[in-house]
Amino acid sequence: MNQKVTNRQLVLLIMLLSITGTLMQPHAQAIFYAEQHAYLSYIPVFLVMVVSLWMLSRVQRRFPDRDLFESLVERFPFLGRVTGALYILFFLFIFARDIRLIGDYVSITLLETTPISIIVLTLLVMVVFIVRGGLGSLIGMSELYVTLFVLNSLILPFMLIQQINMDNLMPYFDIDVAGVGKGSWYIFSFFGEMIAIPFVIKGSDFRFKSVMWGITIAALLMMLIVIETILAVGVPIASRLVYPSYELARQLQISDFLDRFDLALAAVTLPTLITKIAFDLYFVCWGLKRMIPKVSGKVMTGPVALVGYVCSFWFFKNAVQLFRFTREWTWIGIVFEILFPIILFVFLRPRKKGAKNRRATDDQNQKQQPKEDKQGKASQERDEPDKSKRDGHQGGELQPS
């Protein structure tokens, strides 16, 4: 059964899926191509995702009591299951990519001597217990850690005043449109992962107004972080970093006794990243439960997590290969984040109740008509002997006594 999701929770879930992965990796690639105007790369991505989620919101309004997995299976039993299975595989790959990405991040920045396999396995244990708590656990963690992340991002500019160099944004109006488009290409697949929301919540809770707020806040927040990175670190350095947001945090120095303030920021950011991984795993298990009703999603969390653990090391040998795969991954992201929403918007319509009711009425009338004919014949047969009896004994004119 789908859990009730409020407007605030829907906004936070949209931000959770769009911010966390985008914050980790594609900013450096966007800055490399768009340079000082990399923040403009979010505008095309924002417009595309607004249209895509608007179409899914219209689809969800047609099925207010069901999530998108249920709607697909009910409307198209075979093709719906095929589409749902493709989305499950898509987010299984995202789960393997995210768990490896965050494992590399923790290994490089925090635990340099710990083997990455141990780090990833530890993260998986936490993620499995979160997912076993259901969607309520994910929503509760989002309300806490996404809110803290937003507050940190808003406070960060005031802490970077001494490190900001406005010359890094010059020339202000010499915009490389092709470079901005390439930056949008690298950002899109990460930012568009919010497409998973209508698959796990019912249609009546998927309100486009709240979705619009979530996309807008997430895009503005990411644009702010990109601008801060360019101002504090500079385009030449930021474009060659694997984790530019971490380098931005390292620029913070509050007097002499807080020169590693990045650790405090990491302590808040890391639970947000873990919550994002937990949502990926929850999506896969929820989809399996919807596609195969006899399967228990809670029981599947452990096996699916182990499959993701194996795939994370099987698909990517190192962090550099993971970093370069973003360019090709966008082609796959376009299929699931643009093409499929268009197809669902066009074809996923409820059955026409009027025609269905008329067919049911006609069938019922056809069934009742032979029954009425049989009843009429039976009553007629009963009436004939009664009539003959009346005619034999009491029929005709009355005889005088």
Nitroxide proxy distance, nm - points 7 Å out along Cα→Cβ at Phe208 and Gln3: 2.7
Radius ratio Rg over Rh of segment 191-236, counting only Cα atoms, Kirkwood formula for Rh: 1.19
Using a 1.4 Å probe over the heavy atoms of the protein chains, calculate the carbon and sulfur portion of the accessible area of segment 167-305 as a whole percent. 67
Please work out the C-alpha center-to-center distance from segment 278-336 to segment 74-133 and express it in whole Å. 5
Selection from Phe63, Val73, Tyr42 lying farthest towards where the dipole of segment 41-100 points positive, charges on Cβ: Tyr42
What is the spin-label model distance, in nm, from Ala85 to Ile43 if the labels are put 7 Å beyond Cα along the C-beta direction? 4.3
Computed lengthening from Leu154 to Leu224, 0.36 nm per intervening residue step minus Cα-Cα distance: 24.3 nm
Give the shape of segment 35-102 as rounded, prolate or oblate, defined through the alpha-carbon gyration tensor: a ≥ b ≥ c are the square roots of its eigenvalues, a/c under 1.5 means rounded, and otherwise the shape is prolate if a/b is larger than b/c and oblate if not. oblate
Expressed in nm to one decimal, what extension gain is obtained for the pair Trp331 and Tyr172 from 0.36 nm per residue of sequence separation less their Cα-Cα distance? 54.1 nm
Expressed per residue, the solvent accessible area of segment 1-157 in Å² (1.4 Å probe) is about 39
Please work out the ratio of the alpha-carbon Rg of segment 109-163 to 2.2 N^0.38 Å and round it to two decimals. 1.60
Using label points projected 7 Å from each Cα along Cα→Cβ, tell me how many nm separate Arg132 and Trp314, to one decimal. 2.5
Translational diffusion coefficient, Stokes-Einstein: compute it for segment 156-220 using the Kirkwood radius over C-alpha pairs as Rh, at 20 °C and 1.002 mPa s, and state it as an integer in µm² s⁻¹. 138
Taking a ≥ b ≥ c as the square roots of the Cα gyration tensor eigenvalues, with a/c under 1.5 meaning rounded and otherwise prolate when a/b beats b/c or oblate if not, segment 262-331 comes out oblate
For Val48, what is the net charge nearby, where nearby means another residue's Cβ is under 14 Å from its Cβ and Lys, Arg count +1, Asp, Glu -1? -2
Compactness ratio of segment 162-289: Cα Rg over 2.2 N^0.38 Å, N = residue count? 1.32
By its C-alpha gyration tensor, with a ≥ b ≥ c as the square roots of the eigenvalues, how is segment 80-136 shaped: rounded for a/c under 1.5, else prolate for a/b larger than b/c, else oblate? oblate
Taking the Cα atoms of segment 27-146, what is the range of coordinates along each of the three principal axes, in descending order and whole Å? 52, 41, 30
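The values are calculated or read from the model by the stated rules, or taken from the named source; none is laboratory data. Computed from a predicted structure; not experimentally measured. As a convention, Cβ positions derive from the backbone with ideal geometry for all residues, glycine included, and neighbour counts pool all protein chains shown. All accessible areas refer to the heavy atoms of the entire protein, side chains included, with ligands and DNA or RNA removed. Shrake-Rupley method; radii C 1.70, N 1.55, O 1.52, S 1.80 Å.
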